[in-house]
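The values are calculated or read from the model by the stated rules, or taken from the named source; none is laboratory data. None of the values given here were measured: they were computed from a predicted structure. Reconstructed Cβ throughout: ideal geometry from the backbone, glycine too, with neighbour counts over all protein chains shown. Surface accessibility is based on the protein's heavy atoms, side chains included, excluding ligands, DNA and RNA. Shrake-Rupley method; radii C 1.70, N 1.55, O 1.52, S 1.80 Å.
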Amino acid sequence: QVHLRSAERLRELCCANRGTFIKVGQHLGALDYLLPEEYTRTLKVLHSQAPQSTRQEIEQVIREDLGKEIKELFVSFEDTPLGAASLAQVHKAVLQDGRTVAVKIQHPKVQAQSSKDILLMEVLLLVVKKIFPDFEFMWLVEEAKKNLPLELDFLNEGRNAEKVAHMLRNFDFLKVPRIYWELSTRRVLLMEFMEGGQVNDRAYMERNGINVNEISRNLGKLYSEMIFVNGFVHCDPHPGNVLVKKCPASGKAHIILLDHGLYQVLSESFRMDYCRLWQALIKADMKRVQKYSQRLGAGDLYPLFACMLTARSWESVNRGIDRSPVSASEDVEIRSNAAAYLPQITQLLNNVPRQMLLLLKTNDLLRGIESALHTRASASSFLNMSRCCIRAVSTYQRSKSHSLYRRAQISLTEALSLWQINLYELFLWLKGSQLGNWVIALLSRMH
């Protein structure tokens, strides 16, 4: 009852203050593996049902930015938004030429309000630091100061959308809405209209014959490619921004990626250390876990850093995170330890490179989706990460080598490593399939 009452008060606070407060509430609502259910269930509504701007406010923004009235631009314009988030809301409309579009319109007061929100957060965090000297939260304000102006520029969002669509064009399951530049400004963004169910809606997927494990696997592929190979990462994958839909023609399930305002660009040195750290975590190589955690700023808190990255207990990290799925008792242990180690967690967040902060947030949101779909810690997600890490490290090594023989050697090692992973994946598939059970039964009988 206390959790529920507090969560409802927190939701009301976010809705009353809007903007930055809703962004914080969205993040908290995605921490299924960490926070009590009363908080996550109550705050999840902020992913797509945040407070809305009125019709008059929407008309004002369109008039100011596009110089025309809604009725001049559109044949039809739905008053009720498809979704309302912290900075904007999206309406379905039909252009004069018959194209159905999604119109993203910034809340009119959010530009001016965001700077005040950041100032307020800065003051509050300074007060918190005075009362609790062990807590270091100023990095939160620094990140907000850097990221909010980018998120408030919808032209920047359009460019990010086109860049990621081109970068990941080989993934036929990924759909990114096309941008209509002729009717887009810093506060209004016109996109191709796409619809689907939220990625954490397991019931929707079951009703529409969408394979939950396939969606989870493809989402993992997508983010592994962005993080380890390209170093250009969509950092706001909350369920309102990731939709799924089955294509009637092909029968394939598509992942629709929305809201491209917040991206993290990873430096090459950071990306290589992060790749090698995940390789060490998957192999349970504790010496290398310590080495690369410390290179990423974790210092003596590297065991805590490893647990934060994987959302697993230190015992599971030592045993190998791909060896067993997360148990209910381990979930309870992680939740209780998060509270016990809060001063150390804040110290760690203050010490790691700024690039790491958005990656940790992205990890939290993706893990929240996996929790909702009951697909956490599946072997396939670690195999996909391993493939991307191997490719990324090999590409980096080849770029630094001037010897043709050495480059050929790197390529051969890469091919062998990828082949080993494919073989292991085939073994896991056979082990879990009916055919595999028949083969095992036959071999046992023959023996």
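So, of the residues in the stretch 274-320 that are among the β-branched types (Val, Ile, Thr) and farther than 20 Å from residue 365 by Cβ, which turns out to be surrounded by the most Cβ atoms within 10 Å (Cβ to Cβ)? Walk me through how you get there before you give the answer.
To start, the set of residues in the stretch 274-320 that are among the β-branched types (Val, Ile, Thr) comprises 282, 289, 310, 317.
Checking the rest, the ones that are also farther than 20 Å from residue 365 by Cβ come to 282, 289, 317.
Numbers: 282: 17, 289: 25, 317: 18.
Checked the stretch 274-320; the qualifying residue surrounded by the most Cβ atoms within 10 Å (Cβ to Cβ) is 289.
Tell me, which helices (runs of 4 or more DSSP H) lie completely within the stretch 10-91 with 1 or more residues that are over 21 Å from the mean Cα position of the chain (by Cα) and outside the structural domain of residue 366 (by the TED database)? Steps first, answer last, please.
Numbers: elements: 19-29, 37-43, 55-66, 70-73.
Once the helices (runs of 4 or more DSSP H) in the stretch 10-91 are filtered for at least 1 residues that are over 21 Å from the mean Cα position of the chain (by Cα) and outside the structural domain of residue 366 (by the TED database), what remains is 37-43, 55-66, 70-73.
Can you tell me which residues in the stretch 88-98 are within 30 Å of residue 144 (Cβ to Cβ) and open to solvent by 20 Å² or more (accessible area, probe 1.4 Å)? Give the derivation first.
Filtering the stretch 88-98 for residues within 30 Å of residue 144 (Cβ to Cβ) gives 88-91.
Passing the criteria: only 90.
Residue 85 - would you say it is open to solvent by less than 60 Å² (accessible area, probe 1.4 Å) and in contact with an Asp or Glu (Cβ under 9 Å, 6 or more places away or on another chain)? Even if it seems obvious, please write down each step before you answer.
Values: open to solvent by less than 60 Å² (accessible area, probe 1.4 Å): yes; in contact with an Asp or Glu (Cβ under 9 Å, 6 or more places away or on another chain): yes.
When the stated conditions are applied, residue 85 passes them.
If the requirement is being outside the structural domain of residue 143 (by the TED database) and in contact with a strand residue (DSSP E or B) (Cβ under 7 Å, 6 or more places away or on another chain), which of these qualifies: 309, 348, 304, 359? Step through it out loud before you land on a result.
Working: 309 fails: in contact with a strand residue (DSSP E or B) (Cβ under 7 Å, 6 or more places away or on another chain); 348 fails: in contact with a strand residue (DSSP E or B) (Cβ under 7 Å, 6 or more places away or on another chain); 304 fails: in contact with a strand residue (DSSP E or B) (Cβ under 7 Å, 6 or more places away or on another chain).
Testing whether each residue is outside the structural domain of residue 143 (by the TED database) and in contact with a strand residue (DSSP E or B) (Cβ under 7 Å, 6 or more places away or on another chain) leaves just 359.
Need the failing condition index for residue 20 against (1) among the polar types (S, T, N, Q); (2) surrounded by 15 or more Cβ atoms within 10 Å (Cβ to Cβ); (3) over 18 Å from residue 262 (Cβ atoms), just the number.
With (1) among the polar types (S, T, N, Q); (2) surrounded by 15 or more Cβ atoms within 10 Å (Cβ to Cβ); (3) over 18 Å from residue 262 (Cβ atoms) applied to residue 20, the lone miss is (3).
Can you report the number of residues in the stretch 206-240 which are in contact (Cβ under 8 Å) with a residue 60 or more places away in the chain and of a type outside the set (Val, Ile, Thr)?
Initial filter on the stretch 206-240 (in contact (Cβ under 8 Å) with a residue 60 or more places away in the chain): 212-213, 215-217, 219-221, 223-230, 232-240.
Retained after the next criterion (residues that are of a type outside the set (Val, Ile, Thr)): 213, 216-217, 219-221, 223-226, 228, 230, 232, 234-240.
Total meeting the criteria: 20.
Quick one: is residue 401 within 23 Å of residue 292 (Cα to Cα), without any contact (Cβ under 8 Å) to a residue 40 or more places away in the chain, hydroxyl-bearing (Ser, Thr, Tyr) and surrounded by 16 or more Cβ atoms within 10 Å (Cβ to Cβ)? So that I can check it myself, show each step before the final result.
Working: within 23 Å of residue 292 (Cα to Cα): yes; without any contact (Cβ under 8 Å) to a residue 40 or more places away in the chain: yes; hydroxyl-bearing (Ser, Thr, Tyr): yes; surrounded by 16 or more Cβ atoms within 10 Å (Cβ to Cβ): no.
No, not satisfied.
Search the stretch 344-361 for residues being assigned to a helix (DSSP H, G or I) and not aliphatic (A, V, I, L, M), and hand back the single one that is least open to solvent (accessible area, probe 1.4 Å). Steps first, answer last, please.
We begin by selecting, within the stretch 344-361, every residue assigned to a helix (DSSP H, G or I); these are 344-351, 354-361.
Still in the running and not aliphatic (A, V, I, L, M): 344, 346-347, 350-351, 354-355, 361.
Numbers: 344: 62, 346: 3, 347: 88, 350: 57, 351: 83, 354: 63, 355: 40, 361: 34 Å².
Taking the candidates together, the pick is 346.
State yes or no: is residue 166 out of contact with any Lys or Arg (no Cβ under 8 Å at 6 or more places or on another chain), modelled with pLDDT of 95 or more and not aliphatic (A, V, I, L, M)? If you could, list the steps in order and put the result at the bottom.
Numbers: out of contact with any Lys or Arg (no Cβ under 8 Å at 6 or more places or on another chain): yes; modelled with pLDDT of 95 or more: yes; not aliphatic (A, V, I, L, M): yes.
Against the criterion (out of contact with any Lys or Arg (no Cβ under 8 Å at 6 or more places or on another chain), modelled with pLDDT of 95 or more and not aliphatic (A, V, I, L, M)), residue 166 qualifies.
Just the residues that are open to solvent by less than 40 Å² (accessible area, probe 1.4 Å), assigned to a helix (DSSP H, G or I) and free of Cβ contacts under 8 Å to residues at least 40 places away in the same chain, please, taken from the stretch 243-273.
Listed by number, the list holds a single entry, 273.
Among the numbered criteria (1) open to solvent by 40 Å² or more (accessible area, probe 1.4 Å); (2) assigned to a helix (DSSP H, G or I); (3) without any contact (Cβ under 8 Å) to a residue 60 or more places away in the chain, which one does residue 133 miss?
Here residue 133 meets the rest and fails (2).
Mind checking which residues of the stretch 325-346 are among the polar types (S, T, N, Q) and touching a helix residue (DSSP H, G or I) at 6+ places or on another chain (Cβ under 7 Å)? Talk me through it step by step, then tell me what you get.
Pass one, the stretch 325-346, residues among the polar types (S, T, N, Q): 327, 329, 336-337, 344, 346.
Residue satisfying the conditions is 344 alone.
Any residue in the stretch 193-205 that's within 26 Å of residue 179 (Cβ to Cβ): show its pairings with residues that are assigned to a loop (DSSP other than H, G, I, E, B) and not β-branched (Val, Ile, Thr) at Cβ separation under 6 Å, as long as the two are six or more apart or on different chains.
Close Cβ pairs (under 6 Å, with a partner that is assigned to a loop (DSSP other than H, G, I, E, B) and not β-branched (Val, Ile, Thr)) amount to 194/177.
If a residue must be part of a helix (DSSP H, G or I) and over 27 Å from residue 310 (Cα atoms), how many such residues does the stretch 385-412 contain? Steps first, please.
Here is the first cut: in the stretch 385-412, the ones part of a helix (DSSP H, G or I) are 385-400, 404-412.
Applying the additional criterion that residues be over 27 Å from residue 310 (Cα atoms) yields 398-400, 404-412.
Count: 12.
Residues 125, 155: which one is assigned to a helix (DSSP H, G or I), of a type outside the set (Phe, Trp, Tyr) and under 21 Å from residue 240 (Cα atoms)?
Just a single option satisfies the conditions, and that option is 155.
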